[in-house]
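Notes follow once the structure below has been shown.
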Amino acid sequence: APSFDTVGPLARSVGDAGLLYAAMAGHDANDPWSLPQQLVMPGPTPDPAGLRFGVPHPWVDRGLADDVTSGWKAFLAMLEDAGATVIDLDLPALEFPGLVTEAMYPEVAAVHRTRYATSPERYGPEVRSRIRLALEADMAGYLAGLAWRRRMRTEAANALEGCDVLITPSVASLRKVIGEDSVDVAGKAVGYRIALSCFSAPVNQMGLPALSLPVAMPGTPPPSVQLIGPMWSEPRLLAIGTGLEDAGIVATPPPPDPA
């Protein structure tokens, strides 16, 4: 969906992510969706004690796998122990799934319509089913989806005026078994795409930058949390992430022993 597809780096530390960001960021005159925003590198690393972290309800109140819940609670406790301010926010417009498909599927159809019509066998069965739904999307649904997207962007922007970042878990479940369509979330079978995208997909719709960080606690993989900042706040997010690393609140575990 060209109007909000983005590319982001995966790295073993916030510092490495910052280096990759510096190489990737910047205006591309050949991309009509690229904006002429000047690249700014991360500033001084802030102490978590001076930061305000907003927790968006009811978005974060959905069912979570047990290991995700323990990691989320541990993260909040470590923030408060470090002197950070954690604020509970009532943000009903930040919902999932909302109108994700209505806002996205017409763009998906535009990208794939010709290719799917001529070579449908080149798509996997799950992708084929999703593209068929996209091809049935109508203008009324698309306009409703755009209005929903705007409501979320407005509510998030207003909330971020009173805090440095919004925080959520990164996913509702840490594992998906290959070949299985559902994952266990709080004792219930939930479609894996919903469990793995319920916190990230709305951020794409908001058009905001986010940084996902592993909580400094045992576990393979460790539970992780998502920091969401205002528009164009990537440098600030990276600096906050570095501060959380320095405070021992988040940490990337070493790779598993190959033996």
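Pairs of Cα atoms nearer than 8 Å and 6+ residues apart set the relative contact order; for segment 1-43 it is 29 percent.
At full extension, Arg150 and Arg132 could sit 3.9 nm farther apart than now, given 0.36 nm per residue minus the alpha carbon distance.
The equivalent ellipsoid of segment 6-103 has semi-axes of 29, 23, 14 Å, largest first, where each one is the square root of 5 times an eigenvalue of the Cα gyration tensor. What share of the DSSP beta bridges in the chain is antiparallel, in percent to the nearest 5? Within the chain, antiparallel bridges account for around 65 percent of the total. Using the Cβ-Cβ distance between Ala140 and Val40 with R0 set to 51 Å, the FRET efficiency from 1/(1 + (r/R0)^6) comes to roughly 0.80. Close amide H partners of Gly54, meaning residues 5 or more places away or on another chain with modelled amide H under 5 Å apart, are Ile87, Asp164, Val165, Leu166, Ile167.
Using C-alpha pairs below 8 Å separated by at least 6 residues, the relative contact order for the chain is 26 percent.
Hey, what's the Cα Rg ratio for segment 39-84 versus the globular rule of thumb, 2.2 N^0.38 Å?
1.48
Given a cut-off of 18 Å, what percent of all Cα-Cα pairs of segment 92-138 lie beyond it?
Roughly 33 percent, once rounded to a whole number.
Which percent of the accessible area of segment 35-122 is formed by carbon and sulfur heavy atoms (probe 1.4 angstrom)? Answer for segment 35-122: carbon and sulfur cover 54 percent of the accessible area. With a Förster radius of 35 Å applied to the beta-carbon distance between Arg52 and Asn30, the computed FRET efficiency rounds to 0.35.
Each of the trypsin sites (Lys or Arg not before Pro) that DSSP puts in a loop and that has at most 14 other Cβ atoms within 10 Å breaks the chain; the longest unbroken stretch is 13-174.
Charge dipole (Cα centre; +1 on Lys/Arg Cβ, -1 on Asp/Glu Cβ; no other charges) of segment 125-209 amounts to roughly 160 debye. Normalised by 2.2 N^0.38 Å, where N is the number of residues, the C-alpha radius of gyration of segment 75-219 stands at 1.26. What longest region of the chain stays clear of GluC sites (Glu not before Pro) that DSSP places outside H, G, I, E and B and that have at most 13 other Cβ atoms within 10 Å? Here the longest run is 1-135. Modelled spin-label separation between Tyr123 and Ser182, with each label point placed 7 Å from Cα along the Cα-to-Cβ direction: 2.5 nm. Normalised size of segment 166-207, defined as Cα radius of gyration per 2.2 N^0.38 Å with N residues, equals 1.22. In the chain, helices alone account for a calculated mean residue ellipticity at 222 nm of -12500 deg cm²/dmol, with every DSSP H run of four or more residues adding -39,500 (n - 2.57). Label separation (Thr85 vs Ala157): 2.3 nm, computed from points 7 Å beyond Cα along the C-beta direction. Length available on full extension from Thr101 to Arg193: 0.36 nm per residue minus the Cα-Cα distance, which gives 31.8 nm.
Pairwise Cα distances in the chain exceed 32 Å for 26 percent of all pairs.
Converting phi to 3J(HN,Hα) with the Karplus coefficients 6.51, -1.76 and 1.60 and the offset θ = phi - 60°, segment 55-65 yields 9, x, 9, x, 3, 7, 8, 5, x, 10, 4 Hz in sequence order, with x at every glycine or proline. So what's the gap between the Cα centers of segment 65-139 and segment 17-47, to the nearest angstrom? Taking the Cα centre of segment 17-47 as reference, the centre of segment 65-139 is 24 Å away. The Cα atoms of segment 60-134 define a convex hull whose projected area, averaged across directions, is 7.9 nm².
The values are calculated or read from the model by the stated rules, or taken from the named source; none is laboratory data. The structure displayed is predicted, hence computed values, not measured ones. Don't worry about glycine lacking a Cβ; one is built from the backbone with ideal geometry, like all the others, and counts go over all protein chains shown. Keep in mind that these areas ignore ligands, DNA and RNA; they rest on the heavy atoms of the full protein, side chains included. Shrake-Rupley method; radii C 1.70, N 1.55, O 1.52, S 1.80 Å.
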